[in-house]
Each structure stands twice: as C-alpha cells, then as structure tokens.
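Enquirer: One structure coming up, written as structure tokens, with questions to follow.
The values are calculated or read from the model by the stated rules, or taken from the named source; none is laboratory data. Since the model is a prediction, treat every value here as computed from it, not as a measurement. Neighbour counts are summed over all protein chains in view; Cβ atoms, including those assigned to glycine, are modelled from backbone coordinates with ideal geometry.
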Amino acid sequence: MIEGVAFYILSTVAVLGALLAVSRRNLVHGVFALLLFFAALSGLFVMLMADYVAAVQVLVYVGAVGILQLFAIMLTEHVTGDDLRRLGARGWFWGLMLAVALPVVLLLPPLLNGEPPVPPAAPQSTARQLGSQLMEHYVVPLEVLALLLTGALIGAVAVAHGPEKDPPGKDRPA
Amino acid sequence: MIDWINNAIAGLSAQEQFALFGLLKILVAVFAIVLPLVAYSVVAERRISAWIQDRVGPNRVGIPFTNVRVWGLGQPLADGVKVLLKEDFTPAHVRTAYFWLAPMVAMVPALLTLAVIPFGSVLGAQPMVMADLNVGILYTFGITSLSVYGIVLAGYASNSKYPLLGGIRASAQMISYEIAMGLSVIPVFLLVGDLNLGQVIAYQAGGAWLVFKQPLAFAIFLIAAFAETNRLPFDMAESESELVGGYHTEYSSMKFALFFLGEYAAMVAVSAMMVVLFFGGWTLPVAGLNQPATSLGVGVLQIAVFLAKVIVLMAVFIWVRWMLPRFRYDQLMQLGWKRLVPLALANIVATAAVLFWQSTKS
Amino acid sequence: MNVMLYSMEIAMVLSGLGILMLDLGTPARGKRDLGYLAAFLMSLLLLQSVFMPEVQDGFSLLSSGHSITEGPGYKLDAFARYFKHLFLLAAILVLLMAVDFAGTLRARLAEFFALVLFALTGMSAAASATNFITLFVSIELITVSFYVLTSFQRGQMRSLEAGVKYLILGAAASAVLVYGIALVYGATGSMEFAALGKACPSAEHDHLLRLGLLLVIAGLGFKIAAFPFQIWVPDVYQGAPAPVTAFLAVGSKAAGFALLMRLCHHLRPDLRELTLTVLAALAGATILYGSLCALRQRNLKRLFGYAGIASAGYLLLGLLALNAQPGASPSGAQGCHAMMFYLAGYLIAVMAAFTVLCHLDGEDEDLSVLAGLHARSPLLATVLTLSVVSMAGLPPLMGFLGKFLLLQSAFEVLSPHPAQLWLMVVALGGVVISLYYYFGILRAIYWGGGISPGRPAGESEAITVPPLARLLLIACGLILLWVGIFPQALLEWLGDAVALFR
C-alpha cells in the first residue's frame, strides 16, 4: 500500500521533472528540474531494492552531473531565457504521438489479456556482486568505457583549445 | 519507572518500535548533540583564534539574567538572539525563490549525512545508528556532494557578480576535491571488504585503526575535507578579501546564519566520517571498549568516546584555519588534480597490489 | 581470461596513448610525423594479423594450453578478423590522408591521430561483439570519438555545426538503442546475442522482445545511415574534415553492419520473418532516398553522403539473405559473402575518392573544383574516375561484383516473398539513377570547363601530390581493377570468414 503510494509519487515527480527539464527556456531552471528527475529516479531504484544503484545515481547524477551542468551554464552569457515563451519545436505533435504510442504498444498485450505481467523476483545484488561481475565478466566493456571517457576528455580539451599556435581569432574566415 | 517503560516497549510491534526509536534517535542526535556541537564549535573557533592571535576572545557572556560568567559559554545564545533579531533583508534584484531555498539546501545535507554514521555501539537493544545502510559510505558521499548546491544556488539567486563568482568557484572546487576524497577512501574499503560503516568499525576494532594502516588515504581525505567544507585554506567560495563574502554577500540575518551553521554542521559531519573511517569510530582499544556494549553505562561511554574523537578533529579544523593562509585559485586546482588525484590513484594500486600479494602468499 | 585474445585492441589503445605521450616532447613542426608513426604501427599490426595470426594463438597456447578464441561478450573468429583488417586498412589510409590534410585541418594533430585510433578500437571491438553490452560500449566509443573528430576543424563554422548535429542526433539514437537493449534484456533475461535464438517464457515477453529488437535495429540504423535515420548524413559529411568523413563513411558504417550481421545470425526463425520484412522496407526506402537526393547535389561531400546512404541500402539487401530461414537454398553465407566483398570494394573506392578530395584546393568542395582536373593532375583524375566508376558498380571494377552479389542474394532470398518484385525494381532503379550522378562527377572532371565561370578549364596550375599519397592512390586504383577482374582470391579468403553463417 505504502509502496504503491510512494511509487506513484516518485513517478509523478520524475515525469514532471523530465517535462519541465525539456520545456524550460531558462537553463538553470531546466537543470534543477533535471535534478528533480534524477532524485526521483534514485528513489525508484531504492524501491526496486537496488540500493547501490540508487546511491550511485545520487552521487554521480545529482551530485556531479548536475553541478557540472550548472557550472557550464553559469560560465555562459545570458543564463536566463524567458520562461514564458514556449520552446518552438516543430513536429512536437508527432513527437507526442510517438511518446504516447510507445507505452501503448508496450502495454497492449497485458491490457488485452486483462492481467498484469508477473514481475520477476528482484535479484539480490550487492555491491560486491556488482563489482566482481564488472571486474570479471564485463571487464572488456569496462575498459572500453574507460577509453571512451578518456577519448571524450581529450577531445573536449582539443576542440575547446583549438589549434596550438594560432590564437583563436586568427583562424581563417569560415 | 524503568519497568513501566520496558513493558510499554514490549507491547509495541517491531515496526512501531523501529519507528519510535528511530524518531527518538533522530531527535536526540540532532537537537541534543549536533546542534549544540555546532553552536559551541562557533565559540571554540572564536576562542581558539583569539588564543592563537594572542587576544582574549568572547569570555563575558554567561548565564542569561545573572552575573555568572562561565568562561563565555553563553555566547551561542547571545549570537542566536542577535541573528534572529537582525532585519531579514531581501535585496530587490534577487531571484526570490532560489534566494530562500539556498540556505536550507546548505544546511540539510550536513545533517542528512549523519543518518548513517554509527555514533555508538548499542544502548539496550537499539543499535546506535539511525540507518544501517549496506552502501553507507556511498550514501554519505552522495549526500555530501549535494552540499555544493546550497552555495551554487546562493550564488545564482543573489544575481550579482561576487556571489556568482563564489558559486562558480565552489562548484569547480568541490567537484574536484570530491574526486580526490572518493578515491582516497577506496583503499579503506579494499582492506575492509564492505561498504557498510559498521563493518569498517568492526574491522578496526579487530586490529589497528585505519589511520595507521592508510596514512596517505587519511591525509588526502583530510585535505579534501577542508575543501569540501569550504574552510580555510580552501575557502575560495567566500574569500572575503577578493569576493567580499562570496556566495553569502547578499544574505543577512537568519539566512546568513544558516549558511554559517551549515558550514559547521558540515564540519561535524566530515569529522564524524573521518572518525568512523580512520579512527575506529566508537571503539577504544582499552578496557573492553572495543566490543559492543553489554550495559547501558558502557554504551553511553562509547558514545562519549565517539564524540570526544569528533571534537578533537574539529579542533584540528579550527587550528588549521588560523594557521594557514588562503590558497590561490590555480594553486588549489593544481593541488587537487595534479597532486591529490594521482596520489590517491597510486595508493589504490599499491594497496590492491599488496592485498593481491598477500592473497597469493597464503 | 586471456589477454592475448584482445591483443589487437590493446595494441591500438597503446599506440593511441603512446602518440599522446610523444606529443608532449614533439616540436610543433614534427607533429605530422606522429601520423606517419601511427599509420606505421597500424600497418605492422595489420601485417601481423594477416600473415601471422598464429602469433596470438601461440601466446594463448603457451599460457593456457589451448587456443582461446572466445571471451565473455567477445569472439575472435575469422569473421571478426576480416572486419578488423578492413578497419585497420581504413584507419591507415585515413591517418595518411590526415597527415596531408594537416595544413587545412589547423588543429591539434596528435589528439586527432589518437582519436582516430580510439575510434578504430571501438570498431575493432564491435566486430567481435557477441553480447549487447559490448555492442553498446563499442558503438558508443566509435560515436563519441566521431563527435569530436567531426568538429575538429574548429575555425570552420560548418565543422562545428556538423559536430553539434551529429552529437544531438547520435545521442537520440543511442537512447533508442539502449532502450531497445533494455527491453530485450527484460524479455530474455540475458545480454548475450545467443539468447535471441531461444523461446521467451511468455507471449508478453515475446512482445517486448520484438519491440526491443526493432528499437535496436533503429539504433544501429543510425550508424549505417538507413532511411528514416539518415538525416544527419549530408550535413555531417559536408562539415567534417575530409579524412573524418571518409572514416565515418567506411568505418562507422561497416561496424554497424558487422553488428547487425552477428545479431541477425542468432535470431529465432519467427523473429527472422519480422526482421526480413522490416529490413526489406528499410532497404528499399534507403536506396530510393539516397539515389534521388544525390541527383541534384553539387557539393562533392554531400554527394558522397547521399551515395553512401544508397549503398547502405544495397548492403541491407545482403542482410536480408542472412534472415532467410535456416536451410533455405541461398544460405546466410551468400549474403554475408556479398556484403563483405562489397564493403571491401566500397572502402577502397571511398578512401581513394577522399584522398583525391584532400588534394583539391577548393574550399567548398563544389563540383566545379574538379574542372580541368585531368589536365592539372592526370593521376588524381584517373584514380577518382576509377573509384567513382567502381562505386557506380560498372564492370570490370570491384564495385560491380559486390553490387551484383548483393542483388543476387537478395533476389534469391525474396523469391517466395511478395515484396520481391518492387524491391528489385527499386534496387535496379537505384543503380540506374546512380549512373547519372556518378557520371556527373566524371563530366565535371573531363568536360567541366563551363561550370564555373570564374575559372576556365585547365588554366590553373598543376597539382602536386606528395610521393606517398601518389603511391597510395596508384595502389587503390590498381586494387580496384585487379580484384574486379580477378576476384577469386578475395572471395576464397572470404569463404573462411563467412563459415559462421553457413
């Protein structure tokens, strides 16, 4: 009972946060809405008994990703757009249709059958098990991810700094 | 009386007992321990700084409405009254909602962190920890990482240049040092083999404290803790000589006081974490204090041991603040990224190598 | 766990990191040489892998007593090796191209070379992926490297624009892909491709699996630039530096196809029916879209972009054969054979064409820069002609046989299917249309005097091509001709690689 209520509250917060995050013109508001979404998601992970994932969600997304986004936004000019003007996205109707169609298609068979699918038993995953899986079975993907992050970091620096000798203003006109 | 209480408790279901004692622990820990500790750490800060600078410091305020001076221990009351009575001024140009939100966000994470800290063994049948999480340390790091939002929010909400600069600095600084901090404790968990803080204490009760086994980890953690709590020598977010007051330039009255208290509460939280991780938590290797308490008296004594350790570490915080000058911003970043992070990584690799060597030997 | 199994990827990563390290001590003038170094190292790796594959086996024999070709989520079979060789070859050519292109690139070269190697690592891992985790991380490694490489020409607005477009659309595609993977995992409870061959516990699970599979195909469709997911292609191809465009056109696409091939290979019979229909529709639409849009293009890179979309459509035809019911007369091997042969030809042709592009002096790659090329540099004109004719699929060049095999395999697979007729009409129509736009390029080379009013044909000075590039161009042209006329050797070699799909 309590779990059901908690689930609906968290889900509502998550959906609202996500909607706000994509619809705000003011980027700072958008980031805070996104943080709300991340936090609600972490709550949903707790409800799934995945406490490790929930803690990492808070640590990485709420704690680090959000603050980095804020940091980047605050370094730009014109931090605040006016929230009143709607984001003019063409084709929003089709996007909305797609977004509605996906859950409908997903839920169609159980709805037709009239019985909800049985959720599988939650695996008792501890941090230790996750760690040994990552370090043994999934070690190659882990290393590939490490390389990905290295590459992204190097690339970001290389693109942000530009060419070594010429000052940025002296590039040829585009 | 005690019988009556026992009977009343026995009449409750396990769930009700959990709720009752949980609430009790929260109330006692926050209002009887942490908040007084925070308040008196402010006095301690002022007295110790005065002592270091060869001044007298606040030694007058005693018990209110009497002439009794108890070494100035009434000071927090006077400070509190003063702060409450000041005009709560909200400048016209601020973003009001965020402006109100920021001080709360600054205060709350520090208190939340304490939820998983085991501050004693047991009292009666109750374990002296509010939430015994299996991923306790991750939880503390996650919550600690939220504390920067208070500062960033304040900087953004104030809508003027010094607070914004303070907020930007704080976000960069705290993200950087969080990495060093997180990396520095990994060797601890390699040794302990568990993320639960209770297990960390049990491990230390069985042998030497981790500060002796992992001195480098402790040193990195301590330095990162100064940065995480925005204390000198790393108080770049405030740095009153260049940014006026940094993120709290526009704040006054109780909102300012919340930032102020938040800083000390964060100090308490970080000290408590260090005590648990490196100084054996509530244990003391004398007179059987290493084992969970069997009587109420020993239980209380162990809580006292824990508090004593926390107070010593907080004294270190205060001492360092008044001994060292402020770093320059680039020096701060250099230290974080080019010294502490590689050192912490090297420490992880070295610890893992030693453990691997030991496991192959046996 | 056997480290030697991953020796190729490890060598690539170490070379990349080594170049970054060497960069610290290299004076600005010597940075180009790092590109030569990278290309040299990769050539060594390629030679070792082609001629002495037993070196890796030898080490694993030494360490574990038996030859290991499989790790968790990773398989080093002849199929994977073939694709790794293709990727290595592409990377070597791209690196050498980038060295010549350095003057125009005006960016940090060492990082550029390192990122090319990182992308290569991702492709190489993708060729070996046998579970969804490896699939996803290798795809992401490729894509993230390309986000950066695309926007590397920072001074140019168009390059930045291309990078941003690729980033946003790529992120959306990754989201679709990972959502699909999650649904498949939810249905099968396993990350392995092999689980796709087993029956699901219930009808609802099966429903999830089908939906997940469609989303995965959509996500990979972005990589290979199949029809509804191709929007990014023209702008990104145009904006990215020429070597990057070439790598994107060949490497990224081949990696997507390698993954799709492995994926389809494991499908259950009833799932094959589903994917057959979907892929047939995708193939038809892709060929049609690419061909028609290429018709009116005057920008060379955009033209190659649309032509690339069309060739992705032809490659999808080969994938159809892989989805034939097991035991059907044209086995999956035939389609696979055709795809791999086509990809090899496509690689050489695209690399040759883009190497030529790098040596043209025009800023905007308009068709008019080709005017009078036969007089200014007969070599460039000849090689470009060869590669374009090969892409158009005319005999006796390599591209002809590839396209022919693809069409043949698809035709045989589809023979009982009602969609067969119109798909064949579309495919053959695409071939005919392609003749028109490819010959537009030839016309610009040889008879293109009047196209640009400002520059009369043949009046510009001759283009000098550095010796190494000249050698490479000649080699590419000769390979296109030689393999086109005597395809037996390559086809036999491929026989090994497709044994998996028999």
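Enquirer: Applying the selection to region B:210-244, what residues are over 22 Å from the mean Cα position of the chain (by Cα) and closer than 18 Å to B:L164 by Cβ?
Expert: Scanning region B:210-244 gives B:E240, B:S241, B:E242, B:L243, B:V244.
Enquirer: Can you confirm whether B:R47 is at pLDDT 80 or above and surrounded by 12 or more Cβ atoms within 10 Å (Cβ to Cβ)?
Expert: In short, yes.
Enquirer: State all residues of region B:155-181 that are within 22 Å of B:A344 (Cβ to Cβ) and within 8 Å of chain A (Cβ to nearest Cβ); if no residue qualifies, say none.
Expert: B:S171, B:A172, B:M174, B:I175, B:E178
Enquirer: In addition: Of all residues being over 30 Å from B:E178 (Cα atoms), surrounded by 14 or more Cβ atoms within 10 Å (Cβ to Cβ) and small (G, A, S) in region B:283-338, which is modelled with the highest pLDDT? Just the residue, please.
Expert: B:G299
Enquirer: Filter region C:138-156 for residues that are crowded, with 24+ Cβ neighbours inside 10 Å and more than 17 Å from C:P243 (Cα to Cα) and give the result.
Expert: C:S138, C:I139, C:L141
Enquirer: If the requirement is being touching a helix residue (DSSP H, G or I) at 6+ places or on another chain (Cβ under 9 Å), within 12 Å of chain A (Cβ to nearest Cβ) and surrounded by fewer than 23 Cβ atoms within 10 Å (Cβ to Cβ), which of these qualifies: B:I151, B:I186?
Expert: Answer to the check: B:I186.
Enquirer: If I filter region A:131-150 for residues that are under 24 Å from the mean Cα position of the chain (by Cα), farther than 18 Å from C:M191 by Cα, at pLDDT 85 or above and within 7 Å of another protein chain (Cβ to nearest Cβ), do I get at least one hit?
Expert: Within region A:131-150, one or more residues are under 24 Å from the mean Cα position of the chain (by Cα), farther than 18 Å from C:M191 by Cα, at pLDDT 85 or above and within 7 Å of another protein chain (Cβ to nearest Cβ).
Enquirer: Given the criteria away from every other protein chain (no Cβ under 14 Å) and at pLDDT 85 or above, does B:L210 qualify?
Expert: Against the criterion (away from every other protein chain (no Cβ under 14 Å) and at pLDDT 85 or above), B:L210 does not qualify.
Enquirer: Can you find a residue in region B:292-305 that is of a type in the set (S, T, N, Q) and within 20 Å of B:I137 (Cβ to Cβ)?
Expert: no
Enquirer: Among all residue pairs at least 6 apart or on different chains, which show Cβ distances below 8 Å where the first residue, located in region C:168-192, is closer than 15 Å to C:L259 by Cα and the second is in a helix (DSSP H, G or I) and of a type in the set (S, T, Y)?
Expert: Cβ pairs passing all conditions: C:S174/C:T143; C:M191/C:Y185.
Enquirer: Checking the conditions here, which among C:G180, C:G170, C:G155 is more than 10 Å from chain A (Cβ to nearest Cβ), among the small types (G, A, S) and under 30 Å from C:M21 (Cβ atoms)?
Expert: C:G170
Enquirer: Next up: With over 18 Å from B:A219 (Cα atoms) and of a type in the set (A, V, I, L, M, F, W, C) as the only criterion, which of B:W319, B:W282, B:W337 stands out? Spell out how you get there, then give the answer.
Expert: On the way: B:W319 fails: over 18 Å from B:A219 (Cα atoms); B:W337 fails: over 18 Å from B:A219 (Cα atoms).
The unique qualifying residue is B:W282.
Enquirer: For region B:189-222, give me each residue that is surrounded by fewer than 22 Cβ atoms within 10 Å (Cβ to Cβ) and β-branched (V, I, T).
Expert: Residues satisfying the conditions are B:V192, B:V211.
Enquirer: Name the residue that is surrounded by the most Cβ atoms within 10 Å (Cβ to Cβ), counting only residues in region C:242-267 that are touching a Cys at 6+ places or on another chain (Cβ under 9 Å) and over 15 Å from C:V350 (Cβ atoms).
Expert: So the residue we want is C:M261.
Enquirer: I would also like to ask the following. What's the number of the only condition in (1) touching a Leu at 6+ places or on another chain (Cβ under 9 Å); (2) crowded, with 20+ Cβ neighbours inside 10 Å; (3) at pLDDT below 85 that B:D235 fails to meet?
Expert: (1)
Enquirer: Going through region B:339-358 one residue at a time, which ones are of a type in the set (A, V, I, L, M), free of Cβ contacts under 8 Å to residues at least 12 places away in the same chain and within 15 Å of B:G182 (Cα to Cα)?
Expert: Answer for region B:339-358, where residues must be of a type in the set (A, V, I, L, M), free of Cβ contacts under 8 Å to residues at least 12 places away in the same chain and within 15 Å of B:G182 (Cα to Cα): B:A346, B:V349.
Enquirer: Being surrounded by 23 or more Cβ atoms within 10 Å (Cβ to Cβ), farther than 20 Å from C:L169 by Cα and either within 14 Å of chain A (Cβ to nearest Cβ) or at pLDDT below 85 (or both): is that true of C:A187 here? Lay out the reasoning, then the answer.
Expert: Details: surrounded by 23 or more Cβ atoms within 10 Å (Cβ to Cβ): yes; farther than 20 Å from C:L169 by Cα: yes; either within 14 Å of chain A (Cβ to nearest Cβ) or at pLDDT below 85 (or both): yes.
Yes.
Enquirer: Take the residues of region C:1-28 that are in a helix (DSSP H, G or I), without any contact (Cβ under 8 Å) to a residue 24 or more places away in the chain and more than 8 Å from chain A (Cβ to nearest Cβ): which is surrounded by the most Cβ atoms within 10 Å (Cβ to Cβ)?
Expert: Out of the qualifying residues, it is C:G18.
Enquirer: Of everything in region C:199-237, what is among the polar types (S, T, N, Q) and either part of a helix (DSSP H, G or I) or within 27 Å of the chain's Cα centre (by Cα) (or both)? Give them in sequence order.
Expert: Once the filter is applied, which keeps residues that are among the polar types (S, T, N, Q) and either part of a helix (DSSP H, G or I) or within 27 Å of the chain's Cα centre (by Cα) (or both), region C:199-237 yields only C:Q230.
Enquirer: Further question on the same structure: Among the numbered criteria (1) within 14 Å of chain A (Cβ to nearest Cβ); (2) hydroxyl-bearing (S, T, Y); (3) in contact with a Gly (Cβ under 9 Å, 6 or more places away or on another chain), which one does B:Y203 miss?
Expert: The one condition B:Y203 does not meet is (1).
Enquirer: Right, something else. With the condition kept exactly as written, say whether any residue in region C:107-125 is within 7 Å of chain A (Cβ to nearest Cβ) and among the acidic types (D, E).
Expert: yes
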